[in-house]
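**Student:** Sharing a structure, written as structure tokens. Questions coming.
FYI, it's all coordinate maths here, none of it is from the lab. Keep in mind the model is a prediction, meaning the values are calculated, not measured. Cβ: placed from backbone, ideal geometry, glycine included. Neighbour counts: every protein chain shown.
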Amino acid sequence: MKVTVKYFGLVAEAAAKSEEVMELDETLTASELKVQCLIGLAIADKDSVQIAVNQNLDETITINDGDEVALLPPFAGG
């Protein structure tokens, strides 16, 4: 299955790209895909990165073919 993964902020900087299409061989939850995408990236606090699937911030969602996934840096308030 193919999914589009978009990277934002410090995640995009660490990945050296803003977007990629990934071919997944297995069914994953959003949380599992997040771990897979962040492996090897120089991000100090990987737990602070959020993942959204089709603009829904729920790490328990199962990834489906054609989904749009976004890896988001920590939000700052002010």
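**Student:** Using θ = phi - 60° and the Karplus curve 6.51 cos²θ - 1.76 cosθ + 1.60, what whole-Hz ³J(HN,Hα) does each residue of region 66-74 get, with Gly and Pro shown as x?
**Tutor:** Each residue's phi maps through the Karplus curve to give x, 5, 10, 10, 10, 9, 10, x, x Hz.
**Student:** Next question, about the same structure. Give the order of 20, 13 when sorted by the count of other beta carbons within 10 angstrom, beginning with the fewest.
**Tutor:** 20, 13
**Student:** Return the sequence-ordered ³J(HN,Hα) values of region 11-19 in whole Hz as given by the Karplus equation 6.51 cos²θ - 1.76 cosθ + 1.60 applied to θ = phi - 60°, using x for Gly and Pro.
**Tutor:** Going residue by residue, I get 5, 5, 5, 5, 7, 6, 6, 9, 6 Hz, with x marking Gly and Pro.
**Student:** Can you tell me the dipole magnitude for the chain around its Cα centre, using point charges on the Cβ only (Lys, Arg +1; Asp, Glu -1), in Debye to the nearest 20? Walk me through the intermediate numbers first.
**Tutor:** Working: 5 positive and 14 negative charges, 55 e Å.
Rounded to the nearest 20 debye, it is 260 debye.
**Student:** Can you give me the long-range amide H partners of residue 28? Hydrogens built in the peptide plane at 1.01 Å from N, cutoff under 5 Å, separation of 5 or more residues or another chain.
**Tutor:** 63
**Student:** Considering the options 41, 10, 56, tell which one lies farthest towards the positive end of the dipole of region 2-72, charges being +1 on Lys and Arg and -1 on Asp and Glu at the Cβ, about the Cα centre.
**Tutor:** Sorting the options by dipole projection puts first 10.
**Student:** When the gyration tensor of region 2-72 is built from Cα positions, what are the square roots of 5 times its three eigenvalues, in whole Å, from largest to smallest? Spell out each step's value before the answer.
**Tutor:** Numbers: eigenvalues 64, 32, 25 Å².
Over the Cα atoms of region 2-72, the semi-axes work out to 18, 13, 11 Å.
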